[in-house]
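Colleague: I am attaching a structure below and will ask some questions about it afterwards.
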Amino acid sequence: MTTESLYQADIFLVGVGQFGLNQLTCEAREVIQRAKQVLHLTSFHSELCQMNLACEDLSALYWQSAPAWDVYQKLSERVVESAIKSAPTVFAVHGNPLFFNDICWETVRLAKARGLLVQALPGVSCIDVLPMQLGFDLGDLGAQIFEATQLVMFGLSMNPYLSTLILQIAEFGIRGINVPLMTQQRITPMVEHLLKFYPPSHHIVFTKSKSDVDDRDLALSTTIDRCGEILHRIVPGMTLYVPRVCIPEVVQEMDLNA
């Protein structure tokens, strides 16, 4: 990609990286520096201002007592309106902008409806970080990734022989932005769903990676039938890691040359 082609979009969706600006790509940094406006939902406002003085933190618009989707739409509209007035506009978020980010996807939809060009620049996401921290290989037999509420709501099948990441476990069953403390009543449908595919004594890990210098990594190991004992320690941003069960013995050889 040439430098000239980098700056043809009206909106750039930029991921600052799971652990912050030390994981910002050179490409993303250059776009941020050249943008006419930088809007963001990160914990790195002062650092972003050092790269571009036209920087605005949208956190006040995000942290509202309102249905999540209403908040997402307002934020997306704010980004699009900024691009109409002052292109190119950067919208920066933690992780990868098009992985598990409804605000960015809604921004794409609204921008296209207004005839604006959108370009997403990849960042280091939790899918890059968690396998290393938890010590498993996404490519070893395969893996499966679910969103917690949708997993249970749609009764999705789980393959116990694959490593599993269940995202937004603390937000399970919640439609708002502000997440209340996890309760036994709220976690029960998830436990019941897991027990359809795993034994009660199967080990699981609730984990959260730090997202700024004042944060810290957190990992809570327990079993499916005892997760109720640590509900008070489940915090927003956590992912539930379900290791695969013992792989069954291969009883039939495959003739790959047949």
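The values are calculated or read from the model by the stated rules, or taken from the named source; none is laboratory data. Fair warning: this is a prediction, and the values are worked out from it, not measured in the lab. Glycine also receives a Cβ, built like all others from the backbone with ideal geometry; neighbour counts cover every protein chain displayed.
Colleague: Which of the residues belonging to the range 68-106 are within 16 Å of Leu117 (Cα to Cα), within 17 Å of the chain's Cα centre (by Cα) and aliphatic (A, V, I, L, M)?
Modeller: Of everything in the range 68-106, just one residue is within 16 Å of Leu117 (Cα to Cα), within 17 Å of the chain's Cα centre (by Cα) and aliphatic (A, V, I, L, M), namely Leu98.
Colleague: Where in the range 13-67 are there helices (runs of 4 or more DSSP H), lying wholly inside it, with at least 3 residues that are without any contact (Cβ under 8 Å) to a residue 60 or more places away in the chain and closer than 22 Å to Gln119 by Cα?
Modeller: Working: elements: 26-34, 45-51, 59-62.
Answer list for the range 13-67: 26-34, 45-51.
Colleague: Which of the residues belonging to the range 99-117 are among the β-branched types (Val, Ile, Thr) and over 14 Å from Ala68 (Cα atoms)?
Modeller: Pass one, the range 99-117, residues among the β-branched types (Val, Ile, Thr): 103, 107-108.
Once the filter is applied, which keeps residues that are among the β-branched types (Val, Ile, Thr) and over 14 Å from Ala68 (Cα atoms), the range 99-117 yields Thr107, Val108.
Colleague: Please work out which residue is modelled with the highest pLDDT, limiting yourself to the range 110-123 and to residues that are under 19 Å from the mean Cα position of the chain (by Cα) and surrounded by fewer than 21 Cβ atoms within 10 Å (Cβ to Cβ).
Modeller: The residue in question is Gln119.
Colleague: Now for a separate question. Return a yes/no flag: does the range 87-104 have any residue that is in a loop (DSSP other than H, G, I, E, B) and farther than 30 Å from Pro243 by Cα.
Modeller: First, the residues of the range 87-104 that are in a loop (DSSP other than H, G, I, E, B): 87-88, 94, 96-101.
This time we only want the ones that are farther than 30 Å from Pro243 by Cα, so: 87-88.
Within the range 87-104 (the criterion being in a loop (DSSP other than H, G, I, E, B) and farther than 30 Å from Pro243 by Cα), the answer is yes, since at least one residue qualifies.
Colleague: Something else now. Here is a list: Pro199, Pro160. Which entry is closer than 30 Å to Val250 by Cα and surrounded by 15 or more Cβ atoms within 10 Å (Cβ to Cβ)?
Modeller: Only one candidate qualifies: Pro160.
Colleague: Name the residues in the range 108-144 that are free of Cβ contacts under 8 Å to residues at least 60 places away in the same chain and closer than 30 Å to Phe206 by Cα, would you?
Modeller: If the condition is that a residue be free of Cβ contacts under 8 Å to residues at least 60 places away in the same chain and closer than 30 Å to Phe206 by Cα, then Ile127, Pro131, Met132, Gly135, Asp137, Leu138, Gly139, Asp140, Gly142, Ala143, Gln144 are the ones that fit.
Colleague: Please go through the range 48-81 and pick out each residue that is small (Gly, Ala, Ser) and either surrounded by fewer than 17 Cβ atoms within 10 Å (Cβ to Cβ) or not assigned by TED's automatic domain parsing to the domain that holds Arg29 (or both). Spell out how you get there, then give the answer.
Modeller: From the range 48-81, those small (Gly, Ala, Ser) are 54, 59-60, 65-66, 68, 76; that's our starting set.
Correct list: Ala54, Ser59, Ala60, Ser65, Ala66.
Colleague: Residues to consider are Asp255, Asp215; find the one that is under 30 Å from Gln73 (Cβ atoms), in a loop (DSSP other than H, G, I, E, B) and modelled with pLDDT under 95.
Modeller: Details: Asp255 fails: under 30 Å from Gln73 (Cβ atoms).
Checking each option against the conditions leaves just Asp215.
Colleague: Would you mind stating whether Gly173 is touching a residue at least 24 places away in the same chain (Cβ under 8 Å), in contact with a Pro (Cβ under 9 Å, 6 or more places away or on another chain) and within 23 Å of Pro97 (Cβ to Cβ)?
Modeller: Answer is no for this residue.
Colleague: For the range 149-167, which positions are within 18 Å of Ile234 (Cα to Cα) and without any contact (Cβ under 8 Å) to a residue 60 or more places away in the chain?
Modeller: Result: Thr149, single match.
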